[in-house]
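Peer 1: If you scroll down you'll find the structure; I have some questions about it.
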Amino acid sequence: MAHKSTLLKLNTGAQIPAIGFGTWQDADAQEPAVTHALKAGYRHIDTARIYGTEAAVGRAIKKSGIPRSELFITTKLWNNSHHPEDVAKALDASLKDLDLDYVDLYLMHWPSPFACSDQLIPRGSDGKIQTGDSDYVETYKAMEKCLKSGKTKAIGVSNFSRAELERLLKETSVVPAAHQVEMHPWLQQTDFAEWHKSKGIHITQYSPFGNQNEIYDSGKKMGKLMDDPVLVEIGKKHGKTGAQVALAWGITKGHSVIPKSKTEHRIKANLEGDFNLDAEDMKKIESIDKKLRFNDPSESFGWNFYSDLDGK
């Protein structure tokens, strides 16, 4: 079955495919998973330094034979490389692993710095993560230079609060092309999403299936988002699953979504989430917003994330 391939526009003029393939976790499974994804028709792949999957993504891209110009590749700067002098080196290391000359989008993974270190997660003798003192504004200014070097076509951020973003906009010169955040029908953040639109910042939704991910302890003692009766009911109307409706909800809002899977049939099925919901569907989904956030590492990272957002 041919799937739609919706393209959305960034403030740089570039187009980002609405459905991307997430590569967080299961590092060993990523090369075959990305190979399946590219074969199925995905052209947007999302990775990050911390995932340890950049090399696998690079190998899968190379094997696919798909021209580089047809792909949209995102990777992310990790917290141990926030010192302005470390940023360009970190991007070079990512590009080396990806075996690419440039990425389409380079994101600051979190606003919070760790201590400068060759260790991705530097820990003190007490076992706690060692935090750093680099200011995310200075980190971002170093990312602006990566834009000038051509090694990334666009820059952006991930996991920022509104106040952090507002300060960033005030003190830097390049408006982020994208902000990658946890967002799904149980954490809709409508006002925050509208604010992004007013600033021309594209939203990419990670964990678009909410508590489907086993890593989220807080999501274990409840049903799965994709089984929410409202999503399932809307799915029946369109001949789709609840999971596909969750993806379509984001795309209808003009966001990109990055579901992840290592199962070939699910990888294909997620592409069928690229369709538009009507106003009545969207109204129904509005009613299931639980303001439930599943990913908040504030305690271990030593930083109060999302302080002014829903789900805190």
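The values are calculated or read from the model by the stated rules, or taken from the named source; none is laboratory data. Values in this document were obtained by computation on a predicted structure and should not be read as measured data. Here the Cβ positions follow ideal geometry from the backbone for every residue, glycine too, while neighbour counts run over all protein chains shown. Accessible surface is based on the protein model in full, side chains and every heavy atom, while ligands, DNA and RNA are left aside. Shrake-Rupley method; radii C 1.70, N 1.55, O 1.52, S 1.80 Å.
Peer 1: Taking the Cβ of E166 as the center, what net charge do the other residues with Cβ under 11 Å away carry, scoring Lys and Arg +1 and Asp and Glu -1?
Peer 2: Taking every Cβ under 11 Å from that of E166, the sum is +1.
Peer 1: Taking the mean number of other Cβ atoms within 10 Å as a proxy for protection, how do you rank 232-238, 34-40 from highest to lowest?
Peer 2: The packing order, highest mean first, is 34-40, 232-238.
Peer 1: Using 1/(1 + (r/R0)^6) with R0 = 45 angstrom and r between the beta carbons of Q15 and K128, what's the FRET efficiency to the nearest 0.05?
Peer 2: After rounding, the FRET efficiency stands at 0.60.
Peer 1: Moving on. Could you work out how far apart the two model spin labels at A279 and K170 are, taking each label as a point 7 Å from the Cα in the direction of the beta carbon, and quote it in nm?
Peer 2: 3.8 nm
Peer 1: What number comes out for the charge environment of I251, summing +1 per Lys or Arg and -1 per Asp or Glu over other residues with Cβ under 10 Å away?
Peer 2: +1
Peer 1: Net charge near T12, counting Lys/Arg +1 and Asp/Glu -1 over other residues with Cβ under 15 Å of its Cβ?
Peer 2: +3
Peer 1: Among N276, P122, T139, which residue has its Cα furthest toward the positive end of the charge dipole of the chain, with +1 on Lys/Arg Cβ and -1 on Asp/Glu Cβ?
Peer 2: N276
Peer 1: Further question on the same structure: May I ask you to give the solvent-accessible area per residue for the chain, in square angstrom, as obtained with a 1.4 angstrom probe?
Peer 2: For the chain, the solvent-accessible area averages 44 Å² per residue.
Peer 1: Determine the dipole magnitude for the chain: charges of +1 sit on the beta-carbon of Lys and Arg, -1 on that of Asp and Glu, nothing else is charged, the reference point is the Cα centre, and the result goes in debye to the nearest 20.
Peer 2: Dipole magnitude for the chain comes out near 720 debye.
Peer 1: Which lysines have a Cα lying under 23 Å from the Cα of K96, excluding residues fewer than 8 positions away in the same chain?
Peer 2: K62, K63, K76, K141, K145, K148, K151, K153
Peer 1: Specify whether the C-alpha gyration tensor of the stretch 202-312 places it in the rounded, prolate or oblate class, a ≥ b ≥ c being the square roots of the eigenvalues: rounded for a/c under 1.5, otherwise prolate if a/b is larger than b/c and oblate if not.
Peer 2: Because a/c hits 1.5 or more and a/b exceeds b/c, the stretch 202-312 counts as prolate.
Peer 1: Give me the dipole magnitude in Debye, nearest 20, for the stretch 190-312 about the Cα centre, with unit charges on the beta carbon: positive for Lys and Arg, negative for Asp and Glu.
Peer 2: For the stretch 190-312, the charge dipole is close to 240 debye.
Peer 1: Of the accessible area of the chain, with the probe set at 1.4 angstrom, what percent is carbon plus sulfur?
Peer 2: The C+S portion of the solvent-accessible surface of the chain is 50 percent.
Peer 1: Still on this structure, please answer the following. Only one of the listed values, (i) 1.24; (ii) 0.95; (iii) 1.13, was derived from the coordinates as Cα Rg over 2.2 N^0.38 Å; which label is it?
Peer 2: Given (i) 1.24; (ii) 0.95; (iii) 1.13, the structure-derived one carries the label (ii).
Peer 1: Treating only the Cβ of Lys, Arg, Asp and Glu as charged (+1, +1, -1, -1), what charge dipole size does the stretch 69-228 show about its Cα centre? Round to the nearest 20 debye.
Peer 2: That gives a dipole near 200 debye.
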